[in-house]
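Below you'll find the structure, written out as structure tokens, and then a few comments.
The values are calculated or read from the model by the stated rules, or taken from the named source; none is laboratory data. Nothing here was measured: the structure is a model prediction, and the numbers come from that model. All Cβ positions, glycine included, derive from the backbone under ideal geometry; neighbour counts span all protein chains shown. With ligands, DNA and RNA removed, areas are computed over all heavy atoms of the protein, side chains included. Shrake-Rupley method; radii C 1.70, N 1.55, O 1.52, S 1.80 Å.
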Amino acid sequence: MTSPEPVFQQVSGLWTAPVLESTSNQTVQMHVSIGVGAIGELADEDVDAVLVAGGTQLEQVERPSGVEPISYLQLRSITAIAHFAFANPDDLVPEFVNIRVRDETVTFTLGPGPGLPVA
């Protein structure tokens with residue numbers, strides 16, 4: 001399952017968007033894209049995520065760390081990419097995610113975007 005086109009919001013002055021990559025094998029894989037001014041601008045501990053599915057906060061099993069640090073992509077602009085994984089043993093449907101960048105948190109509602117079929 002992939003999410004529809006991400007909706008960006010500002011958090012700590014940086015444009016940010018979460019993208020659900022998959023919800024298979026009782027794990028939710030997600031990455032957070034953050035527009036930054038320079039490579040290395042964010043440290044691993046500057047970014048965190050809390051995912052709620054079926055009214056339950058899912059256990060975070062992967063986050064940016066020294067083993068799997070924030071990565072950067074530079075084309076015309078620079079994007080920091082933080083990867084997360086959450087245990088979802090009951091295959092609950094993701095509802096929303098709180099993303100923290102530095103000292104500010106923003107909430108993103110998850111679900112199908114407009115024009116997508118709903119089963």
Could you rank the peptides 55-63, 13-21 by their average count of other C-beta atoms within 10 Å per residue, with the highest value first? 13-21, 55-63
³J(HN,Hα) computed for each position of segment 56-70 - Karplus, 6.51 cos²θ - 1.76 cosθ + 1.60, integer Hz, glycine/proline x: 10, 6, 7, 6, 7, 10, 9, 7, x, 8, x, 6, 10, x, 4
Each residue of segment 43-50 in order: what ³J(HN,Hα) in whole Hz does its phi give by Karplus 6.51 cos²θ - 1.76 cosθ + 1.60, θ = phi - 60°, with x for Gly and Pro? 8, 3, 6, 6, 10, 8, 9, 10
Bins of 10 Å from zero: percent of alpha-carbon pairs in the chain: 14, 46, 32, 8, 0
Using a 1.4 Å probe on the protein chains only, how many percent of the accessible area of the chain belongs to carbon and sulfur? 52 percent
Taking θ = phi - 60°, what integer Hz values does the Karplus form 6.51 cos²θ - 1.76 cosθ + 1.60 yield along segment 26-33, in sequence order, with x for Gly and Pro? 6, 9, 9, 9, 8, 10, 10, 9
